[in-house]
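Every number here is computed from the coordinates shown, using simple stated rules; none is lab data. None of these values were measured; they are calculated from a predicted model. Here the Cβ is made from the backbone with ideal geometry for all residues, glycine too, and neighbour counts use every protein chain on show.
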Amino acid sequence: MSNSRHTKVLIIGSGPSGYTAGVYASRAMLEPILIQGIEPGGQLTTTTEVENWPGDTEVQGPDLMIRMEAHARAMGCEIVGDIVTSLDLSKRPFTALTDSGTTYTADAVILCTGARAKWLGLPSEEKFKGFGVSACATCDGFFYRGQEIVVVGGGNTAVEEALFLTNFASKVTLVHRRDELRAEKILINRLEKNPKIETLWFNEIHEVYGTDAPLGVEGVKVKHTKTGEITDIPAKGVFIAIGHAPASELVKDQLELHSGGYVSVEAGSTRTAIPGVFAAGDLTDHTYRQAVTSAGMGCMAALDAEKFIAEQE
Ligand code: NAP
């Protein structure tokens, strides 16, 4: 059965920006409703140790998100386990339809839908997705105990995943298209010291291959970016860690986007081109993409929304 609810502030998304917006909007007595989306807690729920969240020398990503959710709830934010399937920003109040059938109208909307893992786009990658090809080491690493694994990418995610996977794998080959990693120095140091990890520079995945019955990966063929030479690497698991793309589908035809899909906001604020619509976190941030900067933007968005609502009233 469908029903309709109105709120002053609707927060869409449940990563650090969403929950922080929930804390601040609740404390501003705006009685916000937060719709969690398809992956409650967001990207941090698929990581392990987080060592750069201020106040915690080390915290598990999923634990941090449970704490953030509890914090937002304790401040009075209503948190709903639902998915926004469409959003109409053409007139106020804004309207969000959800998977459960509930329609929300809102005076202000804070978009915190974040980003999700990118894929290489190879047909063979698609074929073996979920059957040896994964984008989440914490979710799937356990299946590869004692096996050889390939990780693709050169950023923080790739290095963290390679390190984490050595807990299970007999060997991890990190395949990177250049000869320099963009990961933080502390992670590169750990990578270099880990005897289970071998790094293969100037190579890209050419093809993932395996068996059809049962469907499963047996290895990858990599191609040298300079010489074109093809090398075969046997592996039972292939982890793609080549960055993230913003989850801007809900608003892509309604708001200005930049850098391949990030929602544009006014410099120094979270205001989009539509008054009353604010964007925070990885959905808008092409540069920093950290949990702490995302949380900071969630705070800014709630303060911007509070000001907007006060002006309307
Ligand atoms: P990223 O920093 O954008 O790195 C993506 C990597 O994948 C790059 O090395 C890139 O190569 C490579 N790549 C991209 N497209 C490719 C393709 N089609 N084929 C082969 N390789 C490709 O992404 P990320 O590592 O996911 O990190 C995203 C953000 O989250 C960053 O700001 C990062 O600092 C942050 N993060 C932080 C932590 C932490 O603080 N502990 C953990 C995870 C992520 P090039 O280098 O050649 O461009």
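The table below gives the values:
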quantity: Pair residue 92, residue 31: separation of 7 Å Cα→Cβ label points (nm); calculated: 1.9 nm
quantity: Cα-centre dipole for segment 200-268 with unit charges at Cβ (Lys and Arg positive, Asp and Glu negative), debye to 20; calculated: 240 debye
quantity: Listed residues 201, 120, 19: farthest to the positive end of the dipole of the chain (Cβ charges); calculated: 201
quantity: Antiparallel DSSP beta bridges within segment 119-240, percent to nearest 5; calculated: 45 percent
quantity: Cα-based Rg / Dmax (Å) for segment 149-236; calculated: 13.1, 42
quantity: Virtual paramagnetic centre 7 Å along Cα→Cβ of residue 51, amide N under 11 Å, in segment 151-176; calculated: 160
quantity: Test item: Cα-centred dipole of segment 119-240, Lys/Arg +1 and Asp/Glu -1 on Cβ, debye; calculated: 240 debye
quantity: Sequence ranges 134-140, 172-178, 264-270, ranked by mean other-Cβ count within 10 angstrom, highest first; calculated: 172-178, 134-140, 264-270
quantity: Within the chain, percent of DSSP bridges classed antiparallel, to nearest 5; calculated: 50 percent
quantity: Per the chain, cysteines lacking a partner by the 4.7 Å Cβ criterion; calculated: 77, 112, 299
quantity: FRET E, pair residue 230, residue 269, Förster distance 45 Å, beta-carbon r, rounded to 0.05; calculated: 0.35
quantity: Per-residue [θ]222 nm for the chain (sum of -39500 (n - 2.57) over DSSP H runs n ≥ 4, rounded to 500); calculated: -7500 deg cm²/dmol
quantity: Of 129/193; 196/223; 171/193; 118/196, pairs whose Cα-Cα distance is over 19 Å; calculated: 129/193; 196/223; 118/196
quantity: Pair residue 75, residue 180: separation of 7 Å Cα→Cβ label points (nm); calculated: 4.0 nm
quantity: Farthest positive-ward along the chain dipole, Cα basis, beta-carbon charges - from 35, 264, 170; calculated: 170
quantity: Straight-distance crosslink candidates among aspartates and glutamates, where the alpha carbon sits under 18 Å from residue 91 and sequence neighbours closer than 8 are dropped; calculated: 107, 253, 256, 311, 313
quantity: Mean shadow area of the chain, taken as a quarter of the surface of its Cα convex hull (nm²); calculated: 17.8 nm²
quantity: Tilt relative to the chain, helix 61-74 - C-alpha long axis, 0 to 90 degrees, to 10; calculated: 10 degrees
quantity: Chymotrypsin sites (Phe, Trp or Tyr not before Pro) restricted to segment 43-128 and DSSP loop, no more than 16 other C-beta within 10 Å; calculated: 119
quantity: Ratio Rg/Rh [Cα only; Rh per Kirkwood] for segment 263-313; calculated: 0.98
quantity: Charged-residue dipole, Cβ positions (Lys, Arg, Asp, Glu), segment 2-90 about Cα centre, Debye nearest 20; calculated: 440 debye
quantity: Rounded tilt (10° steps) of 16-27 against the dominant C-alpha axis of the chain; calculated: 20 degrees
quantity: Angle between the chain longest axis and helix 291-312 axis [Cα atoms, degrees, rounded to 10]; calculated: 20 degrees
quantity: Spin-label proximity, residue 170 to segment 226-253 - amide N less than 20 Å from point 7 Å beyond Cα toward beta carbon; calculated: 232-239
